[in-house]
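Visitor: Just passing along the structure, written as structure tokens.
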């Protein structure tokens, strides 16, 4: 029995014993981490509480008491066009993601596997043009939309928005995907070609299945983009029926006719929850997608 | 007259002697002309003249003419013979087989005919060799095709004759087999489980063992299912059908590429010495290719011609425009147009017209140089590519262009045209007074910005100053905080890492517009934070109306938002640093601080630098935080005029100029100025990036 007790007293960790200075540092570390967590969680939890607080009226106040109620959600669903905005946003996001994937999967493959004329120059050019802020062309987008819609009447402003999102993402996503495809051995292509695959088949049967993880990331980023963006929908979309979530929710806090801050909190909460869940589940992939693009760039 | 080369060449530079004796003689004379002395020159020239004036009577020429005549006759009779042959064929043959038969027959006849002329000219030799190749390879394909068709028919017949009783019998047999397999699988799993219970194998081994058993089970079932006659026959039919559609096609392609190999090695001879189709047909892409007998290319370029003459040129001249006047509209900007005409539309349509014309010029040039090259090659002796060769070439080399085309079109119309419009707009006078019609004003807008004068330009420099301060401070703070948190949370002794990492992810994951708007509410006069601050410090602090506090709060808010992203990036890099580095440092007696300074920081910085640079440009253009927090306010007309607030960045200032106050042209000018700056910034970073320097782009 005595033997066992001694064994318990032995120091068995790989790490060095904690000195008193180390102990203090550790405590400070915890304090910092908890303080920052609080700084993050407090505003967010305040938003959640406000969304459920039945005592809140048009303006959010801090001193009102809490009583659980869903009336702000009720207001959001019945008095505003929340579901229309959700539908619009999802429509724009899905089409943008699909369009981006189709275009970028081809260009990424071409830029990675072929040495064609103008390749380097065009890459350089698109990288530089990309730095120009998106609404350099905003004056033109309006007029271009009216020109195109006079030819093709079904061409709506939302479609213009989709084209802008997809077109703006081509350069950066091509770069990321190109970097990923570069890391796939060309011996696979050669083997496929020897077996009689055409370029299209190599793309479809060899490269795309292997590049799926990166394609998923690109699709995800293009999908999230329209949820996050406020500027372009605000400028391009003119009627509340065509708004996306960002533009729609903003009307709840800046327009006196529709002002309702707790409803904004409720809407923000509903929008944020799925996206946050997505981010937490996929954080590793999302971050790796970011950094792999940068290392190659 | 043109110079002839004594030899012919193919496209990899092999040398062939001429078969055209007249041209050979001429070429020899011409080459001696260079080496002989001046006195002999006369003689040589004379003999050349004799030769050329007597071309029609040259023995080789006579022979060649005879050959050509015979060839024409041969072709006529060949057609007749072919018809006869085709009628004599077995009528049960299908279309493909008939085509093969006709080709084979033609090849046989051609070999017979051209055999005697192979020494005369390369064209005859080519036809002869081609025919021989077909005779050698086509029968094999035909046999394969016939066999496959027969087998297919047999299999189909067999499928109909299958005894349903037998199938029933097999079904029950299969059922029994399946039950047996299922039992075996369960037994196997039980055995594994027993082993696991006895702790002989690990949990993972149990899991893998189960998967393995399941796979085996499935495989044996699939195998068994093919013992069914019906299933096996169906599979066979599918297989044969595939061979008929794809396999035969591939074999034919192999034969065709063998033929093209022969073509590549067989030069050609022409009397022409100077390419003239190229410039003659330059105005109509496609025609030159047609003259060169390259029909595939001709079709492609004809589509180009259609685009040029059907769309580009009419559009540039003002036909089919929405409102504008093609390129001319770019000059006039609708100044003399109708009342409803808008200068902006004229400008954009002019720009679109310019791009269409640029496309057209590109097509003209490509076509011209293509015809020129083919013609030069022909003169050298290289045969132009035939349909099959052009197709394969376009498939392989044209592929990247073809698949990038959608990206190019989208980029031009969504990115390039609007940016060009912005550039042009910055040279015009589009302002609230001149909305529908505006003139060109040259560099006036830029002068206003540079001198800081005028309604819109006067605040440019003070806004630029705040934008730079904002960019540097907000981004650096975010990087610093994010990086420090990453290092602290990376410590081995910290418990609950998952919790902290998830919490620190939140500011990045929650859409920024939501958090910014919510903070904006909390900082408003009766908002939560304002109330708390006032209670604690007992002051009447109104953040949103005080320029200084507004700016500070904005920077803190961006730190809150941006640090999350930096934290995630740095954590990713930190986790990837191998532990040996730290152990080695520990053994050498490094302190924690030294380890941090010499190992951690350099590695993290090196890996994340490009993204951190991106953060600076992002913040430079961070429109949403400024606009959503306080619309750029508080406003201070005495200092910032009526257009901008004291927290406005250049980007939100541009937004206000263009979208809210209709000073589009000066807004465009500012956009161009900052874009140039950012581009320079990006260019330097890009040039220095590893990928660019290593030519791995």
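The values are calculated or read from the model by the stated rules, or taken from the named source; none is laboratory data. Here the structure is a predicted model, which means the values were calculated and not measured. A quick note on method: Cβ atoms are made from the backbone with ideal geometry, for glycine too, and the neighbour counts reach across all protein chains shown.
Visitor: Conditions first: (1) at pLDDT 80 or above; (2) touching a helix residue (DSSP H, G or I) at 6+ places or on another chain (Cβ under 8 Å); (3) at the interface with chain B (Cβ under 8 Å from one of its Cβ atoms). Residue A:208 passes all but one, so which condition is the exception?
Guide: The failed condition is (3).
Visitor: How about region B:583-612: which of its residues are in contact with a helix residue (DSSP H, G or I) (Cβ under 8 Å, 6 or more places away or on another chain) and more than 17 Å from residue B:486 (Cα to Cα)?
Guide: Hits for region B:583-612 are B:585, B:586, B:590, B:594, B:610.
Visitor: Considering each residue of region A:246-264, count those that are within 20 Å of the chain's Cα centre (by Cα) and at the interface with chain B (Cβ under 8 Å from one of its Cβ atoms), and give that number. So that I can check it myself, show each step before the final result.
Guide: Within region A:246-264, the subset within 20 Å of the chain's Cα centre (by Cα) is A:246-250.
If we keep only those that are at the interface with chain B (Cβ under 8 Å from one of its Cβ atoms) as well, we get A:246, A:249-250.
The qualifying residues number 3.
Visitor: Yes or no: residue B:502 within 24 Å of residue B:611 (Cβ to Cβ), part of a helix (DSSP H, G or I) and more than 7 Å from chain A (Cβ to nearest Cβ)?
Guide: In short, no.
Visitor: Might you check whether a residue that is without any contact (Cβ under 8 Å) to a residue 60 or more places away in the chain and within 12 Å of chain A (Cβ to nearest Cβ) occurs anywhere in region B:639-646?
Guide: No: region B:639-646 contains no residue that is without any contact (Cβ under 8 Å) to a residue 60 or more places away in the chain and within 12 Å of chain A (Cβ to nearest Cβ).
Visitor: Can residue A:121 be described as at the interface with chain B (Cβ under 8 Å from one of its Cβ atoms), out of contact with any strand residue (DSSP E or B) (no Cβ under 6 Å at 6 or more places or on another chain) and either part of a helix (DSSP H, G or I) or within 22 Å of residue A:216 (Cα to Cα) (or both)? I'd like the intermediate steps shown before the answer.
Guide: Values: at the interface with chain B (Cβ under 8 Å from one of its Cβ atoms): no; out of contact with any strand residue (DSSP E or B) (no Cβ under 6 Å at 6 or more places or on another chain): yes; either part of a helix (DSSP H, G or I) or within 22 Å of residue A:216 (Cα to Cα) (or both): yes.
No, not satisfied.
Visitor: May I ask you to say which residue of B:62, B:50 is assigned to a helix (DSSP H, G or I), surrounded by fewer than 17 Cβ atoms within 10 Å (Cβ to Cβ) and out of contact with any helix residue (DSSP H, G or I) (no Cβ under 9 Å at 6 or more places or on another chain)?
Guide: Numbers: B:62 fails: out of contact with any helix residue (DSSP H, G or I) (no Cβ under 9 Å at 6 or more places or on another chain).
Going through B:62, B:50 in turn, the sole match is B:50.
Visitor: If you go through region B:415-424 one residue at a time, do you hit one that is within 40 Å of the chain's Cα centre (by Cα), within 19 Å of residue B:652 (Cβ to Cβ) and in contact (Cβ under 8 Å) with a residue 12 or more places away in the chain?
Guide: yes
Visitor: Sticking with this one: Taking the options B:160, B:212, name whichever one is in a helix (DSSP H, G or I) and modelled with pLDDT of 90 or more.
Guide: B:212
Visitor: Pairs under 7 Å by beta carbon, first residue at the interface with chain B (Cβ under 7 Å from one of its Cβ atoms) in region A:129-153, partner not in a helix (DSSP H, G or I), six or more apart or different chains?
Guide: A:133/B:621; A:147/B:322; A:150/B:322
Visitor: Of the residues B:624, B:524, B:520, B:564, only one is within 12 Å of chain A (Cβ to nearest Cβ), within 30 Å of residue A:56 (Cβ to Cβ) and not in a helix (DSSP H, G or I); which?
Guide: Numbers: B:624 fails: not in a helix (DSSP H, G or I); B:520 fails: not in a helix (DSSP H, G or I); B:564 fails: not in a helix (DSSP H, G or I).
Every option except B:524 fails the conditions.
Visitor: Read through the list (1) touching a strand residue (DSSP E or B) at 6+ places or on another chain (Cβ under 9 Å); (2) touching a residue at least 24 places away in the same chain (Cβ under 8 Å); (3) within 11 Å of chain A (Cβ to nearest Cβ); (4) surrounded by fewer than 23 Cβ atoms within 10 Å (Cβ to Cβ), then give the number of the only condition that residue B:631 fails.
Guide: All conditions pass for residue B:631, except number (2).
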